[in-house]
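Worksheet: the structure to be examined is printed underneath.
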Amino acid sequence: MDTQIDWGKLPFGYYPTDYNVRCEFRNGQWGPIEVSQSDTINIHMAATALHYGQEIFEGLKAFRGKDGKIRIFRLDENAKRLRESAKGLLMEPVPVELFEEMCLKVVKLNERFIPPYGSGASLYLRPLEIGLSPRIGVKEADEYLFMIMVTPVGPYFKGGFKNTNICIMRNFDRVAPLGTGRWKVGGNYAASMMPTHLAHEKGYSAVLFLDPKEKKYLDECGPANFYAIKDGKYITPKSDSILPSITNMSLMDIAREMGMEVEERRIAVEELADVSEAAACGTAAVCSPIGEIDDLDTGHKYIISKDGKPGPVTTEFVRRLDAIRNGEEPDTHGWCTIVE
Ligand code: PLP
Ligand code: COI
């Protein structure tokens, strides 16, 4: 059955689809995969997810290629990262094979919601795991729910592929120096809401968070990693308090293939004065080019883009990523899983 979706105008939001898939961990084992048509869940009011934040998630995308095939991008990496997040919060790690089987199943079941080739939109998969056991004392659950919902999405930042401005502020941290920033934990996003709201109020699309220990180095950019191009090199922050982005990992490979040097290292705020391009990168953000970075504490404005347009390197990154995910160029790294 056809959907009435105007694919080109899709925001990055929730659009109901036909099915989601679920699997519960009880009595020390994962049960059968359940296919559900309900968009609600029924859980105990004392579940650890609700009181003590035992909630982790992932984000990945499926694309309809030029050849009509459906490709899911790097699902093995998302599966592995979810396991790292689970270990970090003492939750039950979801087996990689189960994660992959559920991704394939939920995409296939919702095939009519996969945006057509060339629309610029994609199907976003949101796997999440929550602690179910009722607890009043602070203690991990022994029962878990893992589920995957999907929704068709357009660009994360308004306006699509065009420059936006971001800001630095030092009066908020999203994570602690050795805290949960390296995992994809719901609580990190709760902590980012107030600074992000304040940034939006001032007209910025995101906050460029600094390292929470010294507030001297760049960490990450809202719900995405950060990279810049400096003297023709790809530079991106190395930090214990950022999420290891799968998009960033892929861009580092692509940058090397384009003949660029890649530096994953601490980046002092002042270095922003010498970069020719900067962008937020992530599954949702793809590569969102940054025009200007304003340090709200010092008043310094780092003008990254001189002509108001996305830079050539970022433009090429997006072209190459799209080409691989749409089957227009060979997937030499084996990044895509074809949904049969
Ligand atoms: N950093 C944060 C805080 C994120 O939420 C995301 C989104 O997943 C990323 C970075 C980018 O990671 P990935 O490229 O794996 O989507
Ligand atoms: C993603 O890029 O998949 C994310 O998880 C970002 C999201 C928090 C909007």
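Structural remarks
This table checks each residue for (1) in the same structural domain as Thr40 (by TED's automatic domain parsing); (2) without any contact (Cβ under 8 Å) to a residue 12 or more places away in the chain; (3) of a type outside the set (Asp, Glu).
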{"position": "Ile70", "(1), (2), (3)": "yes, no, yes"}
{"position": "Lys87", "(1), (2), (3)": "yes, yes, yes"}
{"position": "Val107", "(1), (2), (3)": "yes, no, yes"}
{"position": "Ser119", "(1), (2), (3)": "yes, no, yes"}
{"position": "Ile136", "(1), (2), (3)": "yes, no, yes"}
{"position": "Glu140", "(1), (2), (3)": "yes, no, no"}
{"position": "Phe146", "(1), (2), (3)": "yes, no, yes"}
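- Residue list for the stretch 197-216, restricted to those being open to solvent by less than 30 Å² (accessible area, probe 1.4 Å) and among the hydrophobic types (A, V, I, L, M, F, W, C): Ala199, Ala206, Val207, Leu208, Phe209, Leu210
- Counting only strands (runs of 3 or more DSSP E) wholly contained in the stretch 154-258, the ones carrying 2 or more residues that are under 23 Å from Ile324 (Cα atoms) and in contact (Cβ under 8 Å) with a residue 24 or more places away in the chain occupy 225-230, 233-237.
- Residue in the stretch 288-304 that is in contact with a Cys (Cβ under 6 Å, 6 or more places away or on another chain) and among the polar types (S, T, N, Q) present: no
- Odd one out for Cys287, checked against (1) under 16 Å from the mean Cα position of the chain (by Cα); (2) open to solvent by 30 Å² or more (accessible area, probe 1.4 Å); (3) within 15 Å of Leu321 (Cβ to Cβ): (2)
- Residues of the stretch 233-262 that turn out to be of a type outside the set (A, V, I, L, M, F, W, C) and surrounded by fewer than 16 Cβ atoms within 10 Å (Cβ to Cβ), as a count: 9
- Set Ala79, Ala62, Ala49: member being within 16 Å of ligand 2 (Cβ to nearest atom) and within 13 Å of Phe146 (Cβ to Cβ): Ala79
- Residue check for Leu321: open to solvent by less than 10 Å² (accessible area, probe 1.4 Å) and in contact (Cβ under 8 Å) with a residue 40 or more places away in the chain: yes
- Within the stretch 259-281, if we keep just the residues that are part of a strand (DSSP E or B) and under 21 Å from Asn165 (Cβ atoms), the residue that is nearest to the chain's Cα centre (by Cα) turns out to be Cys281.
- Just one of the numbered conditions (1) open to solvent by less than 10 Å² (accessible area, probe 1.4 Å); (2) within 14 Å of Leu321 (Cβ to Cβ); (3) away from ligand 1 (no atom under 15 Å from the Cβ) is not true of Cys281: (3).
The values are calculated or read from the model by the stated rules, or taken from the named source; none is laboratory data. Owing to the predicted nature of the structure, the values given are computational and were not obtained by experimental measurement. Note that each Cβ is placed from the backbone with ideal geometry, even for glycine, and that neighbours are counted across all protein chains shown. With ligands, DNA and RNA removed, areas are computed over all heavy atoms of the protein, side chains included. Shrake-Rupley method; radii C 1.70, N 1.55, O 1.52, S 1.80 Å.
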